[in-house]
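Please treat every number below as a calculation from the coordinates, not as lab data. The structure presented is a predicted model; accordingly, all values stated were derived computationally and were not measured. Every residue, glycine among them, receives a Cβ derived from its backbone with ideal geometry; neighbour counts consider all protein chains shown.
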Amino acid sequence: MTELELPPIDYAAIAPILIMLVAAVVGVLIEAFVPRRLRHPVQLPLALLAVLAALTMVVVNADKRVITIGVIAVDGPTLFLQGAILALSAVALLLLGERAVERGGAFVAQAAVTADSPEDRQQAENAGGAGEVYPLTTFAIAGMLIFVSANDLLTMFIALEVFSLPLYLLCALARRRRLLSQEAAMKYFLLGAYASAFFLFGLALIYGFTAGLGDRASGVDFATINAAVANSTASPVLLFAGMALVAIGLLFKAAAAPFHVWTPDVYQGAPTPLTGFMAACTKVAAFGALLRVFHVAFEGARWDFTPVLGAVAVLTMLVGSLFAVTQTDIKRLLAYSSIANAGYLLVGVLAPGSEGLSGTMFYLVAYGFTVLAAFAVVTLVRDADGEATHLSRWAGLGKRSPVYASVFTFILLAFAGIPLTSGFMGKVAVFAPALDGGQVWLVVAGVLTSMVLAFPYLRVVVLMWLSEPGDSTPTVAVPGALTSAALVIGVLATLVLGVAPAPLLDLASSAADFVR
Amino acid sequence: MDEILTYAQAAPAGTVSYATADGLLSSVWLLVAIPLVSATILLLLGRRADRWGHWLGVAAVGAAFLLGLSYFLGLRGLENRSVELSLWDFIAVGGLHVDFGLLFDPLAGVFVLLITGVGFLIHLYAVEYMAHDERRRLFFAYFNLFVAAMLLLVLGNNYVMLYFGWEGVGLASYLLINFWYTKPAAATAGKKAFLMNRVGDAGLAIAIFIMFATLGTTQYDEVFNGVGALAGGTVLVLGLLLLLGAAGKSGQFPLQAWLPDAMEGPTPVSALIHAATMVTAGVYLIARSNIIFSANSTLQLVVVSVGALTLLLGAIIGCAKDDIKRVLAWSTVSQIGYMFLGVGLGGAAYALAIVHLLAHGFFKANMFLGAGSVMHGMKDQVDIRRFGGLAKYMKITWLTFGAGWLAIIGLFPFSGFFSKEPIIVEAFARDDWTAWLFGGAALLGAGLTAFYMTRLFVLTFHGPKRWTEDIEHPHESPALMTIPLILLGIGSLGAGWLLATSVPDWLTTTAGLGAQVEGHEAVLSHFAITVIATLVTVLGVALGWFLFRNGTATEPQPAGVLVTAARKNLYTDTVNEAVFEKPGIFLTRALVYLDNRGIDGLVNGLAAGIGGGSGRLRRLQTGFVRSYAASILTGALLVVAAFLAVQAGWLA
């Protein structure tokens, strides 16, 4: 029996992850021991503080390029994406923690109580909102941080589960329209488990493929896979089937067609702040993993996976834009918009070289801030029954609440990719390297679907400004300080990244180099 | 004087170069800034400035005049009398570099004095003339805006700056023509002026584009130095486009129709913008670009032809009009025709055209203001058939208008004799049969001018009273109106001699204007032409006096072919309507039809297709997890199959 040799651990490099995990555990303890009414005032600052501390550590680590414990790669893309996840999470936490717009917040403490029943009202009065939201969110953030830094498929899989499980739970906690919310959580969980199985199966096949390496041990870390792609003696069927299945698992999280089917239902059913969190942070995590897997592990098979994933990208863009045209619910509309954006991001993933990588990373940040601001506005447009998400209810909003209608118009224009917004710069950042890389067909599809997609966005703008407000036009709630802050940050980022994108683009391109 | 001549001889040989402005002249930008600031204040303060706004407007132009005068005097002592002041980079894009710069040279100097000097008097006059209009403050704001734009036009040191001012005066002119926009005639006239000017402006804009495309610059000095290297065809096209711009702004054939209609504006506007200054911008443009025009003899021939044709056209139509302001307007068209004739002849005649321009600025402004004074006293009546015998009631107006009349018909020793006569002489100084053609036209024009101006003068101030019933006792205008009239009247009488003896020498140092080749020998002697011209003029006056000394019918009388044609503006409007308006309307309708049916149909069809497709596709999203899972499975199978197909090389 050989002695187990522990690998050296670079604690500084994994500090952001550790901070988030510790914060999550502390959060659980707070739920257990702190009196009920103090939980929210303690949990929210704790979560925010943890996110800021982790962000600080990411900044401190800025120049680190290391693989620690063999499974965590801390390099430029990791740090950039971790920073993005943390920054977006901070904004999302502000939305999650808002309690001024709705009594007790958007999350219900005891989801099993019938909505709007006397018990329910009583729990809103007394019990406040669910405090578990914060540890769950911090767990999810920690999982995402691991996900984008994982250096082997197994770690990646575990991280996937770590951030997915809390999200399934959180989805079910909506205070209003609770059955819809629980149905969404159920669907998300079932399909998520289903997709995880694909991922795991692919992982096994890849492991088998690496066994064909003569001179080194088989394994699922990316360096080994990379070497195996170059010169494994095993059947390439293993590689391609495995690569396909792993890709499916990741594309599911990224909401790419045809693995997007869960997205509209879940985005619609989940509490809106959480939808914003998923649209911004899950997207960063999923694409971070996709970038690493396809740029590091399967780099050698680029010519083989590009046509297939390209077809997926085109299909995703088509599905997202075409379905968005006839949507009547603002959250579903944004869900399809998020699907189409996954298609644009895939164009960036498939663009060869570091320009594609940096462009994708820029796009993720730009899109994340805009989509958070969009969902922040959605939380504010409400009537007595909660959020009024049906589009007909938004008619004439420009006359009732010109400020929020203007902000939302700006956000929609950013989604549509109008210049001077981050949406435009993001599209340039992913389409330009794809053009340079010769993938003209992807860019043509991207531009055409962008035009189609502009229609539903502008339809909302027309609806808000040119329709007369009816009796059913809801008022816009006065946002609390937290939502205001989130909204201001999101809109400012959208504007600044559209007008002066150079610093972030420079940062992204200086970070665009994987450690192998 | 000797020094100037020495310098003048040195200049043509070398290249065009401008000195940098320093000292007093470095503040030349104030000329544009002061009226502009005043206009801004008047526009921004709105009604709060109603009580004193007009005085601010007058003061701004007065200050600009004093400044202009001191710059003008400052210029005398300089060796290079063309000073440039570059303020900042206006446009710097790639190869295009446009300076926001000003050029103060003798040519710009005399224009500045004309614009601010005559402008000041007309502003003063307008204080009283517009006194009963509750929007007087706004009127002065626009008026100041005009002065600022006009000064920018003549002070720019490149064609883009000129264009800037050019559009500025166009805007001010549009705003002021339909200042009384509730009157349909005024609104229509404003629109007409705007549209016809667009045609000319497009020509000017394309000319500037050509300059940039072929020479890479729009700065005056660089363009003038580079124009010699251009192909003859390019220079011709460039010049024709500049001429189109000039014709639009100056109401020359074929773009003359807007100018008489522009008289719908308040009379001070007609006097300042549509007689003395803005409409002469075309002459300025050609005089400024004289190096381009002198470079191509075909071009000069075209300019001369336009001038000769327009001067006859304006004079003939002027004979048949009964509206006091329209007669003066057609007279303006005709007189600017003389100026175009002058600048087209080239050489020494450039300076003569400028002299005529300045003299005309005085006497035409004087007569317009006189007409305004008459209208003021006659309850806004403009029909000269309903005037008569006003000399007794409006002594000052009669005298000053008489001064203008003597000046324009050009009898010795009055203004026109010194400014118009030399142009006629130059027209005869060509070396082929065209000398007789253009000389004859200029002579005939002089006779016609004498006739219609005498008709106007006699019908208005002499002969029996033919007033409408509501007028009992016409009154002379108040002092604020008569003082400018008197000053301008004195200017009308004396300016000609003064200008003719000083301005040509003064202008020799302006780029190109000093490059005078020795003129051809005139086909007739100078003395003979003078005698003939005087005879023709006296004939015209005598005819006018003889026909109209006893007044005229108050209603239109049946007339022969020529008079009917002249009453209908020689059918130029009819031609415009048939050639441009009708096909234009048809084209617009056809395009609208095409847009509605073709393009919109395509777009709407596409949108409907996408919408319908989307509606059908939506049904795929059933809401059942089982169907979602099935769809994921199908997708997964397809993706795996595709990967395996790639691996097997089927897709290669």
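Shape analysis of segment B:145-263 yields a ratio of the Cα radius of gyration to the Kirkwood radius, Rg/Rh, of 1.05. At a Förster radius of 45 Å, what calculated FRET efficiency corresponds to the Cβ-Cβ distance of A:SER235 and A:THR328, to the nearest 0.05? Rounded to the nearest 0.05, the efficiency is 0.35. Here the ratio of the Cα radius of gyration of segment B:60-130 to 2.2 N^0.38 Å is 1.44. For the peptide B:408-416, the mean number of other protein chain Cβ atoms found within 10 angstrom of a residue's Cβ is 0. Ordering A:SER321, A:LEU442, A:ILE248 by the projection of their Cα atoms onto the charge dipole of chain A, which places +1 on the Cβ of Lys and Arg and -1 on the Cβ of Asp and Glu, puts A:SER321 at the extreme positive end. Look at the alpha carbon pairs under 8 Å that are at least 6 residues apart: their mean separation over the length of chain A gives a relative contact order of 16 percent. Under the simplified labelling scheme, the B:GLU167-A:LEU435 pair shows an inter-label distance of 2.9 nm, with each label point 7 Å from Cα along Cα→Cβ. By the count of neighbouring beta-carbon atoms within 10 Å, fewest first, B:SER525, A:SER196 end up ordered B:SER525, A:SER196. Need one value for A:222-230: mean number of C-beta atoms belonging to other chains within 10 Å of its residues' C-beta atoms. Mean inter-chain Cβ contacts per residue within 10 Å come to 0. For chain A, the Cβ-based charge dipole about the Cα centre amounts to some 940 debye (Lys, Arg positive; Asp, Glu negative; other atoms uncharged). Between the beta carbons of A:ALA502 and B:VAL575, assuming R0 = 60 Å, the FRET efficiency works out to 0.55 to the nearest 0.05.
Would you mind checking segment B:390-432 for residues with the amide N under 11 Å from a putative spin-label position 7 Å along Cα→C-beta of B:LYS465? Answer for this model: B:390, B:392-393. Scalar couplings 3J(HN,Hα) for segment A:499-507, obtained by applying the Karplus form with A = 6.51, B = -1.76, C = 1.60 to θ = phi - 60°, are 8, 10, x, 4, x, 5, 4, 4, 4 Hz; x denotes Gly and Pro. Whole angstrom only: what separates the Cα centroid of segment B:347-411 from the Cα centroid of segment A:326-394? If we compute the Cα centre of each part, the gap is 73 Å. Close amide H contacts of B:VAL98 (hydrogens built in the peptide plane, cut-off under 5 Å, sequence separation of 5 or more or a different chain): B:PHE90, B:ILE91, B:ALA92, B:VAL93. Per-residue 3J(HN,Hα) values for segment A:6-18, derived from phi via the Karplus relation 6.51 cos²θ - 1.76 cosθ + 1.60 with θ = phi - 60°, read 6, x, x, 10, 8, 5, 4, 5, 9, 4, x, 5, 4 Hz in sequence order (x marks Gly and Pro).
In a DSSP loop and with at most 16 other Cβ atoms within 10 Å, the trypsin sites (Lys or Arg not before Pro) in segment B:420-476 are B:LYS465. Averaging the Cα positions of each part gives two centres, and for segment B:217-280 and segment B:126-174 these lie 17 Å apart. Our note on the geometry: Cα centres of segment A:212-242 and segment A:97-146, 46 Å apart. If the segment from B:ASP595 to B:LEU638 were pulled out straight at 0.36 nm per residue, it would be longer than the present Cα-Cα gap by 11.1 nm.
Per-residue ellipticity at 222 nm from helix content only, as computed over the protein assembly as shown with -39500 (n - 2.57) for each DSSP H run of at least four residues, stands at -23000 deg cm²/dmol. Straight-distance candidates among the aspartates and glutamates for linking to B:LYS325, with alpha-carbon spacing under 14 Å and chain neighbours fewer than 8 residues away dropped: B:ASP261, B:GLU264, B:ASP380, B:ASP383. When GluC sites (Glu not before Pro) are flagged only if DSSP places them in a loop and at most 12 other Cβ atoms lie within 10 Å, the longest unflagged stretch of chain B comes out as B:135-468. The angle between the Cα long axis of helix A:76-96 and the main principal axis of chain A comes to about 20°, on a 0 to 90 degree scale.
For A:TYR188, A:TYR404, B:TYR338, the sequence from fewest to most other C-beta atoms within 10 Å is A:TYR404, A:TYR188, B:TYR338. When only Cα pairs below 8 angstrom with a gap of at least 6 residues are kept, chain B shows a relative contact order of 13 percent. With θ taken as phi - 60° and the Karplus curve 6.51 cos²θ - 1.76 cosθ + 1.60 applied, the whole-hertz 3J(HN,Hα) list for segment A:59-68 is 5, 4, 6, 2, 9, 6, 9, 8, 10, 10 Hz, x standing for glycine and proline. Around the amide H of A:ILE69, modelled in the peptide plane, lie the amide H atoms of A:ASP10, all under 5 Å away and 5 or more residues distant in sequence or on another chain. In this simple spin-label approximation, B:ALA19 and B:ASN80 carry label points 7 Å from Cα along the Cα→Cβ vector, and these lie 0.9 nm apart.
Inter-chain neighbour count for B:609-621: the average number of beta-carbon atoms from partner chains within 10 Å of each residue's beta-carbon is 5.
Taking the number of Cβ atoms within 10 Å of each Cβ as an exposure proxy, the fewest-first ranking of B:LEU87, B:LEU299 is B:LEU87, B:LEU299. Of the residues A:LEU466, A:VAL499, A:ALA106, the one whose Cα sits farthest towards the positive end of the charge dipole of segment A:15-511 is A:LEU466 (charges of +1 on Lys and Arg Cβ, -1 on Asp and Glu Cβ, taken about the Cα centre).
Packing here is the average count of other Cβ atoms within 10 Å per residue, and on that basis the peptides B:252-263, A:263-274, highest first, run A:263-274, B:252-263. Kirkwood radius and radius of gyration were both taken over the C-alpha atoms of segment A:15-511, and their ratio Rg/Rh is 0.96.
Cross-linked pairs B:LYS192/B:LYS321; B:LYS249/B:LYS582; B:LYS364/B:LYS568; B:LYS183/B:LYS364; B:LYS395/B:LYS420: no Cα-Cα separation exceeds 31 Å.
Of all lysines in the structure, the ones whose alpha carbon falls short of 25 Å from that of A:LYS253, not counting any fewer than 8 places away in one chain, are A:LYS187, A:LYS283, A:LYS331, A:LYS427. Charges were assigned to the Cβ only: +1 to each Lys and Arg, -1 to each Asp and Glu. The resulting dipole of the protein assembly as shown about its Cα centre is roughly 2860 debye.
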